[in-house]
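One structure is given below, encoded as structure tokens.
The values are calculated or read from the model by the stated rules, or taken from the named source; none is laboratory data. None of the values given here were measured: they were computed from a predicted structure. Here the Cβ positions follow ideal geometry from the backbone for every residue, glycine too, while neighbour counts run over all protein chains shown. Just the protein is used for accessible areas: all its heavy atoms, side chains included, with ligands, DNA and RNA removed. Shrake-Rupley method; radii C 1.70, N 1.55, O 1.52, S 1.80 Å.
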Amino acid sequence: MGKPTGFLEYMREIPTDRPPLDRLRDWNEFHHKLDEEKLRRQGARCMDCGVPFCHTGKLISGMAAGCPVHNLIPEFNDLVFRGLWREAYARLDKTNNFPEFTGRVCPAPCEGSCVLGINRPPVAIKNNECSISERAWGEGWVVPRPPKFRTGKKVAVVGSGPAGLAAAAQLNRAGHAVTVFERADRPGGLLMYGIPNMKLDKRDVVLRRIRNMEAEGVTFVCNAEIGGGSVSDIEPDELLATHDAIVLCIGATQPRDLPVEGRNLDGVHFAVDFLTENTKAVLSGNKTAPAISAAGKHVIVIGGGDTGTDCVGTSLRQGCASVRQIEIMPESPRARQPGNPWPEWPKVLKTDYGQEEAAARQGADPRAYLTTVKKFIGEKSVRELVAVEVKWEKNQNGQFIPREQPGTEKTLKADLVLLAMGFLGPEQSLPGQLKLETDARGNIKAAHEIHRTNHPKVFAAGDCRRGQSLVVWAINEGRAAARECDRALMGSTLLP
Ligand SMILES: Cc1cc2nc3c(=O)[nH]c(=O)nc-3n(C[C@H](O)[C@H](O)[C@H](O)COP(=O)(O)OP(=O)(O)OC[C@H]3O[C@@H](n4cnc5c(N)ncnc54)[C@H](O)[C@@H]3O)c2cc1C
Ligand code: SF4
């Protein structure tokens, strides 16, 4: 702790953003950067408390409290304060393969459990992480580090999201020959086709990392679905026969549907399909319009989470006529409630970039709470939808369920409807072909930190094992699965 009085002298400061109406004109990231002196002051705010909680990554009341990859936060904050950036990067690299991703998109459970956060704004941990990482890339400290020896073992990683990338990076580091099979045309999973470019730049950030991994010796094979059933696909048996182990990181890609009247009308799409087509168009230089476009349309996004926010921001950038967001849950409180004390994840109202942008363009927050959709109306394509207010009430089994409130129906214009209501676990085809056990929610059965499935050669990590989650948990799982896979292959492991 370089500056014992830092937390008394300095207030929390995070970078400002480009003004909403300005950033809506492009697809670029929109956070400004803090200068060196300000960053060092933010490092100085860390109290290096006797018992820090920021790095614990424990589940409390079902939510992450502290950093799931156990970043050495008080250490790197101190090194930032002292201007020892290279050493700070060395600390970060010990625990997190991809701080440039988490520094941009992590919701920062570390900050929710920062001790300073009990009575002051928490340390700006996430921005410090991002700044250390970008400094390291900028200074040329992130260089390919191929392993010094090869073990002769071959591992297939299926899926190239953050779990697959973390597993591949670690297994390669241990000396195994790693091939990542990805069915999409580009690697990255939801880092590439999910989270939009303005939150996480695809060429400058995601592909930069992939290129570095390739230079370290990881092979990426795209347009390669394992067990997809078409001629060009690779059969799971073939993969098992040609590799010593397989790590499945296939994500939780089954979106939750809304099977109400009119669901099959044109213009009703799953959010990730819309976001994927948009990123493809952005990466092609917007030479052609995206296959699903919001331009000139009245858009309704159903779902108030991160995915919904990304749909709002994307629709606005595409030039929609209007955008609204419908959420079945009530509005969160503005401050922590007594039942949600520190160091739990604070369940408070979050106004994210998409809502800020909608408010700047349309004059109001786009969200309607305690509302659901009863039906979609149109002939061939959707034109309108009927929304209705709900109240959460207990049923005879004591479970809370949403009950429609009679007389609250409203008909809303809707030329494009985006379903962003969460995910129902992994697709079942590949786990089924490998005869893997799944749990009650359809996730691949394998204990956290062990990651072994019932098949002796197959491991599982990320959203396909834990259910829809976060990038930082995917990295945690990919690293742990790599460690256990290495142990199984070699009899012991040095991987963390
Ligand atoms: C729109 C959106 C925004 C999000 N925003 C955030 C955010 O801001 N912050 C955050 O922390 N989290 C966010 N998340 C969640 C986060 O992206 C996921 O938790 C994380 O990507 C999961 O990583 P994963 O590697 O397990 O799976 P994924 O990233 O889903 O990757 C799985 C990959 O496996 C591939 N695959 C599947 N089956 C096969 C097969 N049979 N053969 C070959 N390849 C296959 C898929 O094509 C995919 O590329 C967001 C999610 C969405 C949908
Ligand atoms: S990965 Fe997330 S939780 Fe961990 S230090 Fe970074 S922002 Fe915090």
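Consider L39 carefully, then state whether it is surrounded by fewer than 22 Cβ atoms within 10 Å (Cβ to Cβ) and either in a helix (DSSP H, G or I) or more than 16 Å from ligand 1 (Cβ to nearest atom) (or both). For L39, the condition - surrounded by fewer than 22 Cβ atoms within 10 Å (Cβ to Cβ) and either in a helix (DSSP H, G or I) or more than 16 Å from ligand 1 (Cβ to nearest atom) (or both) - is not met.
Contact annotation: residue pairs with Cβ atoms under 8 Å, 6 or more positions apart or on different chains, pairing a residue in segment 461-484 that is closer than 22 Å to A440 by Cα with a partner that is of a type in the set (V, I, T) and more than 9 Å from ligand 1 (Cβ to nearest atom), are A461/V247; C464/I444; R465/I444; A481/V247.
Within segment 95-114, residues that are over 15 Å from H31 (Cβ atoms) and of a type in the set (D, E) have Cβ atoms under 7 Å from residues that are open to solvent by 10 Å² or more (accessible area, probe 1.4 Å) and within 12 Å of ligand 1 (Cβ to nearest atom) in these pairs: E111/K126, counting only partners at least 6 apart in sequence or on another chain.
Being open to solvent by less than 30 Å² (accessible area, probe 1.4 Å), more than 21 Å from V417 (Cβ to Cβ) and not in a loop (DSSP other than H, G, I, E, B) is a condition met by no residue of segment 377-390. Inspection of segment 6-21 finds a residue satisfying the criterion of being at pLDDT below 95 and open to solvent by less than 30 Å² (accessible area, probe 1.4 Å).
Is at least one residue of segment 139-162 within 9 Å of ligand 2 (Cβ to nearest atom) and surrounded by fewer than 21 Cβ atoms within 10 Å (Cβ to Cβ)? No, that holds for no residue.
Apart from one condition, E356 fits all of (1) surrounded by 13 or more Cβ atoms within 10 Å (Cβ to Cβ); (2) within 31 Å of the chain's Cα centre (by Cα); (3) farther than 28 Å from A64 by Cβ; the exception is (3). Evaluated against (1) closer than 29 Å to M192 by Cβ; (2) among the aromatic types (F, W, Y); (3) within 25 Å of the chain's Cα centre (by Cα), W85 falls short on exactly one condition, (3).
Name the residues in segment 466-478 that are open to solvent by less than 10 Å² (accessible area, probe 1.4 Å) and farther than 18 Å from A168 by Cα, would you? G467 - this is the single residue of segment 466-478 that is open to solvent by less than 10 Å² (accessible area, probe 1.4 Å) and farther than 18 Å from A168 by Cα.
Kindly check whether there is at least one residue in segment 148-156 that is in a helix (DSSP H, G or I) and modelled with pLDDT of 95 or more. For segment 148-156, residues in a helix (DSSP H, G or I) and modelled with pLDDT of 95 or more: absent.
For every residue, the table says whether it meets (1) of a type in the set (A, V, I, L, M); (2) at pLDDT below 95; (3) open to solvent by 50 Å² or more (accessible area, probe 1.4 Å).
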{"position": "E404", "(1), (2), (3)": "no, no, yes"}
{"position": "G407", "(1), (2), (3)": "no, no, yes"}
{"position": "L430", "(1), (2), (3)": "yes, no, no"}
{"position": "A447", "(1), (2), (3)": "yes, no, yes"}
{"position": "R452", "(1), (2), (3)": "no, no, yes"}
{"position": "C464", "(1), (2), (3)": "no, no, no"}
{"position": "A480", "(1), (2), (3)": "yes, no, no"}
{"position": "T493", "(1), (2), (3)": "no, no, no"}
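Checking each residue in segment 209-241 for being more than 16 Å from ligand 2 (Cβ to nearest atom) and within 14 Å of A169 (Cβ to Cβ) picks out I210, R211, N212, M213, E214, A215, E216, G217, V218, T219, F220.
Of everything listed in (1) assigned to a helix (DSSP H, G or I); (2) under 19 Å from the mean Cα position of the chain (by Cα), the single unmet condition for G138 is (2). Here segment 78-97 is the region considered, the condition is being near ligand 2 (Cβ under 10 Å from one of its atoms) and surrounded by 23 or more Cβ atoms within 10 Å (Cβ to Cβ), and the residue that is nearest to C49 (Cα to Cα) is L92.
Just one of the listed residues (G62, G66) is open to solvent by less than 40 Å² (accessible area, probe 1.4 Å) and of a type in the set (G, A, S), and it is G66.
Residues in segment 184-208 that are more than 8 Å from ligand 1 (Cβ to nearest atom) and open to solvent by 20 Å² or more (accessible area, probe 1.4 Å) were compared, and the one that is farthest from T279 (Cα to Cα) is R208.
R40 meets the conditions (1) touching an Asp or Glu at 6+ places or on another chain (Cβ under 6 Å); (2) over 24 Å from V206 (Cα atoms) in every case but one. The failed one is (1). The set of residues in segment 105-162 that are within 16 Å of ligand 1 (Cβ to nearest atom) and among the hydroxyl-bearing types (S, T, Y) comprises S133, S160. Within the set L165, L171, the sole residue that is outside the structural domain of R86 (by TED's automatic domain parsing), more than 9 Å from ligand 1 (Cβ to nearest atom) and either crowded, with 18+ Cβ neighbours inside 10 Å or assigned to a helix (DSSP H, G or I) (or both) turns out to be L171.
Please find, within segment 118-130, the residue that is most open to solvent (accessible area, probe 1.4 Å) out of those that are within 22 Å of N476 (Cβ to Cβ) and part of a helix (DSSP H, G or I). Restricting to residues being within 22 Å of N476 (Cβ to Cβ) and part of a helix (DSSP H, G or I), the top hit is K126.
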